[in-house]
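Shown next, in structure tokens, is the structure this report addresses.
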Amino acid sequence: MRSTLATIIGAAALAACSTSRPDKTTPDSLAVAKSNSALIASPGGFIQPEAVRYDPDQDVYFVNSWGNGDAGAKDNNGFISRMAPDGTIERVRFIAGGTAGATLNAPRGMTIVGDTLWVVDADAVRAFNRRTGAPLATVDFSAFKLGFLNDIAAGPDALYLTDTGTNRIYRIKGGRVTLALEDSALGGPNGITWDANNRRFIVVPYGGESVIKAWAAGSKALSEIGRSGGAMFDGVEVLPGDRVLVASQKDSSLHLFSGGTGRAIIRTGGAPADIAVDTKRNRVAVPFVDRNLVEIWQLPPK
């Protein structure tokens, strides 16, 4: 995703200033010293995987793949895999474009609400049954000039998603799309997640800034809540204890933020994309678009 997004958000950055067993050896992945982290597995078999979402109820990961071709192409060859916590691929094409009535071009961020898996696509947001994979709905974005629809998060009142290329956050409620925020200070917003303890969203920029920001739905204000040596941020997850885990493509690392400061705790084997945390085992799954695999890491204890 690095080359695709770098092209798309150049202007925004300037303005903001089948079942398989996992391969458990990845020689180019190193834990940062004293991190107490360990690489558990590195399953492959994906095609440009951009995002992962953990379903604690079913105890599975959903891993999306853009498929062959460009991430912006409406080629309907994207798919979503079901992966067990140990990295075993249960179904490579659990949901697949052109199969069983599903449309998927280049799936990106995902979130779960009830039994619905919401998936950001190149030109829409699509809903699927998280248990069966059956398509449920499509939210159309044809009324908007899009840059790069990217990540999605569920808040108490609605769904919110980022457009990295246009410095926008959209709101989806009852199938209707509205513009929630447009601001160059978003810095090419990439990952977004709901911080329930503090009743806010956390948004991270891909455009080069080394900060993460908080935003309250309905507000026009953004506030800096953390700074680290990383940049070109992608996925973001909230951990217990008001800690925040962020994927940094600048240094191919995962950064842990606490008390306003972030530090690299895991050195990944490439540019990490949209991560997901296994809340039962304190692990994180990290997809790599250009490596066609996912790394599963044990996170350090609090």
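Sorting Lys173, Lys145, Lys213 by solvent-accessible area of protein heavy atoms yields Lys145, Lys173, Lys213, largest first, with a 1.4 Å probe.
Please work out whether the range 179-243 counts as rounded, prolate or oblate from its C-alpha gyration tensor, where a ≥ b ≥ c are the square roots of the eigenvalues and a/c under 1.5 means rounded, while otherwise a/b larger than b/c means prolate and anything else oblate? Judged from the Cα gyration tensor, the range 179-243 comes out oblate (a/c at least 1.5, b/c at or above a/b). Debye-formula intensities of the range 33-192, expressed as log10 I(q)/I(0) at q = 0.10, 0.16 Å⁻¹, are -0.36, -0.89 (one equal scatterer per alpha-carbon, no solvent). Taking θ as phi - 60° and the Karplus parameters 6.51, -1.76 and 1.60, the scalar couplings of the range 205-219 work out to x, 9, x, x, 5, 9, 10, 10, 10, 10, 8, 9, 4, x, 8 Hz in sequence order, x denoting glycine and proline.
Mind sorting out which of (i) 17.3, 50; (ii) 23.3, 77; (iii) 17.9, 56 is the real Rg and Dmax of the Cα atoms in Å computed from the coordinates? So the structure-derived entry is (i). Working from Cα pairs under 8 Å separated by at least six residues, relative contact order for the range 47-161 is 18 percent.
Considering only Cα atoms, the convex hull volume of the range 139-232 works out to 84 Å³ per residue.
In this simple spin-label model, placing a label point 7 Å from the Cα along the Cα-to-Cβ direction at both Ser142 and Ser219 gives a separation of 3.7 nm. Each of Ala102, Asn292, Ile212 was placed along the dipole of the chain (beta-carbon charges, centred on the mean Cα), and the one lying farthest toward the positive end is Ile212. On the principal axes of its alpha-carbon atoms, the range 56-139 has extents of 32, 24, 22 Å, going from largest to smallest. The mean sequence distance of close C-alpha pairs (under 8 Å, at least 6 residues apart), as a share of the length of the range 109-244, puts its relative contact order at 14 percent.
Overall, the range 218-302 carries a charge dipole of about 240 debye about its Cα centre when +1 sits on the Cβ of Lys and Arg and -1 on the Cβ of Asp and Glu, all other atoms neutral.
Would you give the gap between the C-alpha center of the range 233-253 and the C-alpha center of the range 124-178, rounded to a whole Å? Answer, in whole Å: 22. Entry note, the chain: the mean residue ellipticity at 222 nm calculated from DSSP H runs of n ≥ 4, each adding -39500 (n - 2.57), is -1000 deg cm²/dmol after division by the residues and rounding to the nearest 500.
Only Lys, Arg, Asp and Glu carry charge here, each on its Cβ (+1 for the first two, -1 for the last two); on that basis the chain has a dipole of about 400 debye about its Cα centre. Here the simple spin-label model places points 7 Å from the Cα toward Cβ, and for Thr88 and Thr261 these points are separated by 4.3 nm.
Classify the range 228-285 from the C-alpha gyration tensor, please: rounded if a/c falls under 1.5, else prolate or oblate depending on whether a/b exceeds b/c. Note, shape of the range 228-285 comes out oblate. According to the square roots a ≥ b ≥ c of the eigenvalues of the Cα gyration tensor, what is the shape class of the range 91-160, taking rounded for a/c under 1.5, prolate for a/b larger than b/c otherwise, and oblate for the remainder? Cα axes put the range 91-160 in the oblate bin. In units of the rule-of-thumb radius 2.2 N^0.38 Å, the range 193-302 shows an alpha carbon radius of gyration of 1.01.
The residues neighbouring Glu209, those whose beta-carbon lies less than 12 Å from its own, together hold a net charge of +2 under the Lys/Arg +1, Asp/Glu -1 convention.
The values are calculated or read from the model by the stated rules, or taken from the named source; none is laboratory data. Just so it is clear, the structure is predicted and the values come from calculations on it, not from any experiment. Backbone-built Cβ (ideal geometry, glycine too); neighbour counts: all protein chains shown. Just the protein is used for accessible areas: all its heavy atoms, side chains included, with ligands, DNA and RNA removed. Shrake-Rupley method; radii C 1.70, N 1.55, O 1.52, S 1.80 Å.
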